[in-house]
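Undergrad: Let me begin by handing over the structure; questions about it come next.
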Amino acid sequence: MQIDLNADLAEGYGPWRMGDDEALLDMVSSANIACGFHAGDPLIMEQAVRAAAARGVDIGAHVGFPDRQGFGRRAMQIEPTELAAMVVYQLGALSGITRANGARMTHMSFHGALGNMAAADEALARPLVEAVARFDPALIVVSSTSRAIESAAGACGLRVATTFLADRAYDAQGLLVPRRLPGSVIHDRDAVLTRVRRLLREGVVETYDGTVIAAPAHSILLHGDTEGAVALARDIRREIESGGGVIRPVSSLMGEAQRA
């Protein structure tokens, strides 16, 4: 099996740091970099871009609501036209920093509440994904399982890389369970590794209500702000490689899928 291992990074602000980006970049093959709305600032973004580029790690934009206080995890009621402009704004910010450092941006993903809302609502997903296509039709959209985002991307000719969130619970439709529910975020290391092991061997995940559903995945996502994220990334990488799996950047995997 070939799979991408990615993490959300650059989620500090000013002197405040969230997670150990440098250590995580030694473990992953792709990085989703905050673009200054839910977290991040120009210097943190540039540091993450340089560190990722030096390691050959794919660079992607992690686009969210303008909500630093809530870390982008609070739902905001913003008109889709304005949200689409915010998507372009964030993509442009990271793309500019990436280009200035001699690298390229390969993918993007929707963060937190924005991602959850778009995943469940095609009427919202459509203008946001169209904004991505207008900005750069070569970008890969990295998303948790979502018919809404996949449908919108298909209509725009964009590639979608489905990512498996190892530490988040799913519902029977393959959507993420709201964080307000107990057990929606899985903190137990052994439970996370068991989920990863089952994904790799069987291609399935047990949902919040105990049913088992198919979980096709090009990528496994880690949250960089989670306590113990570096150790967990190391364990997941070991789990993949000990089973004969190969970790590759998402752009490499999706490039092959497109040629096929």
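The numbers here are math on the coordinates, done by the rules we state, and not lab data. None of these values were measured; they are calculated from a predicted model. Methodologically, a virtual Cβ is constructed for each residue, glycine included, from the backbone with ideal geometry; neighbour enumeration extends over all protein chains shown.
Undergrad: Calculate the tail of P(r) for the stretch 196-248: the fraction of all Cα-Cα distances greater than 15 Å, expressed in %. Provide the component values of the computation, followed by the final result.
TA: On the way: 737 of 1378 pairs.
Across the stretch 196-248, Cα pairs with separations above 15 Å total 53 percent.
Undergrad: Here is a further query. Return the calculated 222 nm mean residue ellipticity for the chain, to the nearest 500 deg cm²/dmol, obtained by summing -39500 (n - 2.57) across DSSP H runs with n ≥ 4 and dividing by the residue count. Mind showing how you got there, number by number?
TA: Values: 9 runs with 111 residues, N = 260.
So the calculated ellipticity at 222 nm is -13500 deg cm²/dmol.
Undergrad: Please sort 220-228, 244-252, 110-118, 79-87 by packing, taking for each peptide the average over its residues of neighbouring beta carbons within 10 angstrom, highest first. Before the final figure, lay out the partial values.
TA: Working: 220-228: 19.8, 244-252: 17.9, 110-118: 23.8, 79-87: 16.3.
Highest-to-lowest ranking by the protection proxy: 110-118, 220-228, 244-252, 79-87.
Undergrad: Would you mind finding the longest exposed-site-free stretch of the chain, with exposed trypsin sites (Lys or Arg not before Pro) meaning DSSP loop and at most 14 other Cβ atoms within 10 Å?
TA: Details: sites that count: 17, 74, 104, 179, 180.
Between exposed loop sites, the widest span is 181-260.
Undergrad: Can you compute log10 of I(q)/I(0) for the chain with the Debye formula, treating each Cα as one identical point scatterer, at q = 0.10, 0.11, 0.12 Å⁻¹?
TA: With one equal scatterer per Cα and no solvent, log10 I(q)/I(0) is -0.43, -0.53, -0.64.
Undergrad: Now, a different point. Taking square-rooted eigenvalues a ≥ b ≥ c of the alpha carbon gyration tensor, is the stretch 140-187 rounded, prolate or oblate, where a/c under 1.5 means rounded and, failing that, a/b exceeding b/c means prolate? Provide the component values of the computation, followed by the final result.
TA: Working: a/c = 3.67, a/b = 2.32, b/c = 1.58.
Taking the square roots of the gyration eigenvalues as a ≥ b ≥ c, the stretch 140-187 is prolate.
Undergrad: Would you work out if the stretch 153-260 is rounded, prolate or oblate? Take a ≥ b ≥ c from the square roots of the eigenvalues of the alpha-carbon gyration tensor; rounded if a/c is under 1.5, else prolate when a/b is larger than b/c, oblate otherwise.
TA: On the way: a/c = 1.69, a/b = 1.23, b/c = 1.37.
In terms of gyration-tensor shape, oblate.
Undergrad: What would the Debye formula give as log10 I(q)/I(0) at q = 0.10, 0.11, 0.12 Å⁻¹ for the alpha-carbon point model of the stretch 1-143, no solvent?
TA: Each listed q maps to, in turn, -0.30, -0.36, -0.43.
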